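The values are calculated or read from the model by the stated rules, or taken from the named source; none is laboratory data. The structure presented is a predicted model; accordingly, all values stated were derived computationally and were not measured. Note that we place each Cβ from the backbone using ideal geometry, even for glycine, and neighbour counts take in every protein chain shown.
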Amino acid sequence: MTASTPPTASATASRAPGSSDSPHSPASRADRIGDAALDLLVERGMRGLTHRAVDERAGLPQGSTSNHARTRQALLETAVRRQVQLEARVLAPDELPGARTGPTTDGEVEATAGAATGAGAGATADSEAKATADTEAATDQADPRLRTAALADALSLALHRYLTDHRALLVSRYELALEATRRPELRTFFDAAGSAFRDPLVAMTTAAGSPEPERHALSLVAWCEGLMFSCAAGSFHAAVPSRAELRTGFEELLRGMLGSR
């Protein structure tokens, strides 16, 4: 896989943990529209996202997307809502120690994104499940080194999964984030939907013993975002770090934050 020819967002999402889609259960019309919108963002950028193009990509009768999302703002919100749903399947916040404070299922994510509009705004492999159970057990220990190791292990699992199998979702997210800088009404919606991931991270840093969880969560997000951009669209796109390398990076960052050795 290369950054120049990423798979579509919906194609990568079909392999996401906890996915409820199957070849025998067609997605809802809203999901099909959202998937088609994300695919177009990945392949053509923001200029390629039109109601007509979404109809064609989704295999829907002409006018279907306009009936669902009459304005461009509504279409962008549909794309953001679907982006959040698919990212929740990949990042699976409920797998991480002490993180069950935000929405994780499709229904809960849908409710979060829907609430943002009014305000202006799964299953994993046995080995991964065992690793998660081990990190949760370690987090309960008093030794800060164990807490740091547990959090680093869990975060490296989520980030490595994203970088290896779901890089197209990064491209569509960047397109939406850039558009949000030009549309204040989308910015509010985009930020509110993103709280589904920020809040669990604050909870995790709190559980790990951080004296300033909000600031430390921001530092973790900034580190992850920089790494993801470099590997998806930047100079490191051809050299994705291994999970062990990511774990080492998280441990170094967390030791500096939490004071553990």
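Results for (1) basic (Lys, Arg); (2) buried (at least 22 other Cβ atoms within 10 Å of the Cβ); (3) touching a Ser or Thr at 6+ places or on another chain (Cβ under 9 Å), shown as yes or no for each residue.
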{"site": "Ala150", "(1), (2), (3)": "no, yes, yes"}
{"site": "Thr181", "(1), (2), (3)": "no, no, no"}
{"site": "Asp191", "(1), (2), (3)": "no, no, no"}
{"site": "Ala244", "(1), (2), (3)": "no, no, yes"}
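Could you please let me know if Leu155 is modelled with pLDDT of 80 or more and within 16 Å of the chain's Cα centre (by Cα)? Judged against the criteria, Leu155 is a match. For residues in region 200-242 being among the hydroxyl-bearing types (Ser, Thr, Tyr) and crowded, with 18+ Cβ neighbours inside 10 Å, which is nearest to the chain's Cα centre (by Cα)? Of everything passing the filter in region 200-242, Thr205 is nearest to the chain's Cα centre (by Cα). Assessment of region 183-202 against the conditions (at pLDDT 85 or above and among the hydroxyl-bearing types (Ser, Thr, Tyr)) yields at least one matching residue. Among the criteria (1) over 25 Å from Met257 (Cβ atoms); (2) in a loop (DSSP other than H, G, I, E, B); (3) modelled with pLDDT of 85 or more, the one Ala168 does not fulfil is (2).
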